[in-house]
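Every number in this text was worked out from the coordinates using simple rules, so none of it is lab data. This one's a predicted model, so the numbers in the text were calculated from it and none came from an experiment. As a convention, Cβ positions derive from the backbone with ideal geometry for all residues, glycine included, and neighbour counts pool all protein chains shown.
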Amino acid sequence: MRSLLFVPGDSEKKLAKGLSSGADVLIVDLEDSVAASAKVAARATTAAFLAEARRADKHPLLYVRVNAFDTDLTDGDLDAVLGARPDGIMLPKSGSGADVTRLDAKLTAREPAAGIADGATKIVAIATETAAAVFHLGSYGAASARLVGLTWGAEDLSADIGAEANRFADGSFRDPYRLARTLSVLGAAAAGVQAIDTVFTAFRDEAGLRRECEEARIEGFTGKMAIHPAQVAVINEVFTPSAAEVDKARAIVAAFAAAGDAGVIGLDGEMLDRPHLRRAERLLARARLAGIA
């Protein structure tokens, strides 16, 4: 999952446009982008869209962002959309791994009635939207086998803190959000799931988006959320391993295989140990998912 594009669940036009965006994942949103008065209608629009989209020979992964547990709308959202078989659910305002476990139980109770195999519906959690949640980013490791990704949010976090801004004038994040971002990539690694970077809201600033994507990739994120279809191409490009990176990773894997049970090898004048091998294997796995290895 390189690119995850949010699309309002109450807009048939934007949902249709999202299908042709090139995003790896469409996140059909029932939460922030849908007005309170439109929540119920959005469920029906979303379910119809999911059912239609799944009939296509090729389509992106289809996730639904439900409303948070504290809204009392989550169960209604799940009841409305699970029958249309989304690939996954995005959980907003997750406070800790316990919230993912709670969502897991709700999905487990509903999948049989929908004819869905147990555990087939995956989970991506947004794990930093409250100040309290930041202190629990290490709790996701054993939360659920459904959990495939952990991401973070700066907008809701700034509102929870009461901050006037979450970025400096040059676009870089201020310290509380840098901390949340760092802990989220560490939390994802500790849980063994994908680390997904937050949205870049200035959707017309392609250079800024590219810079933030490149920084995120270097630091360990493997994908990024998008709020506009125009952002998808840049995100996919940055988070797709280059041909040179793939070639080098293959060479590292081959060299370790040839060396047998060696802990350290020499390759092109460089000493490489087991962490280099693990990094190469992960890069090749990402390349295979992108269809280039």
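Using +1 on the beta carbon of Lys and Arg, -1 on that of Asp and Glu, and nothing else charged, what's the dipole of the range 131-264 about the Cα centre, debye to 20?
240
Write down the percent of antiparallel bridges among all DSSP beta bridges whose residues are both part of the range 82-193, to the nearest 5.
Of those bridges, close to 10 percent are antiparallel.
When the dipole is taken about the Cα centre of the chain, and only Lys, Arg (+1) and Asp, Glu (-1) are charged at their Cβ, what size is it in debye, to the nearest 20?
620
Over 5 Å intervals from 0, what percent of Cα-Cα pairs in the range 156-281 sits in each interval?
2, 9, 16, 17, 16, 14, 10, 7, 5, 3, 1, 0
Top mean-square fluctuation among Leu277, Leu73, Leu19, Gaussian network model of the chain, C-alpha springs under 10 Å?
Of the options given, Leu277 has the highest mean-square fluctuation.
Considering the dipole of the chain built from charges on the beta carbon (Lys and Arg +1, Asp and Glu -1) around the Cα centre, which of Phe135, Leu277, Leu91 is farthest to its positive end?
Working it through, the farthest residue towards the positive pole turns out to be Leu277.
Among the DSSP beta bridges whose two residues both lie in the chain, what percent are antiparallel, rounded to the nearest 5?
The antiparallel fraction comes to roughly 15 percent.
Sum up the charges of everything whose Cβ sits under 11 Å from the Cβ of Asp32, counting Lys and Arg as +1 and Asp and Glu as -1, but leave Asp32 out.
Computed value for this residue: -3.
If you build a Gaussian network model of the chain, linking Cα atoms that sit under 10 Å apart, which residue out of Val66, Val25, Val253 swings the most?
Largest GNM mean-square fluctuation: Val253.
Normalised by the residues of the range 243-289, what does the relative contact order come to in percent, with Cα pairs under 8 Å and at least six apart?
43
Amide H neighbours of Ala226 under 5 Å, at least 5 residues apart or on other chains, H built in the peptide plane: list them.
Close amide H contacts, sequence-distant or interchain: Leu4, Leu5, Phe6.
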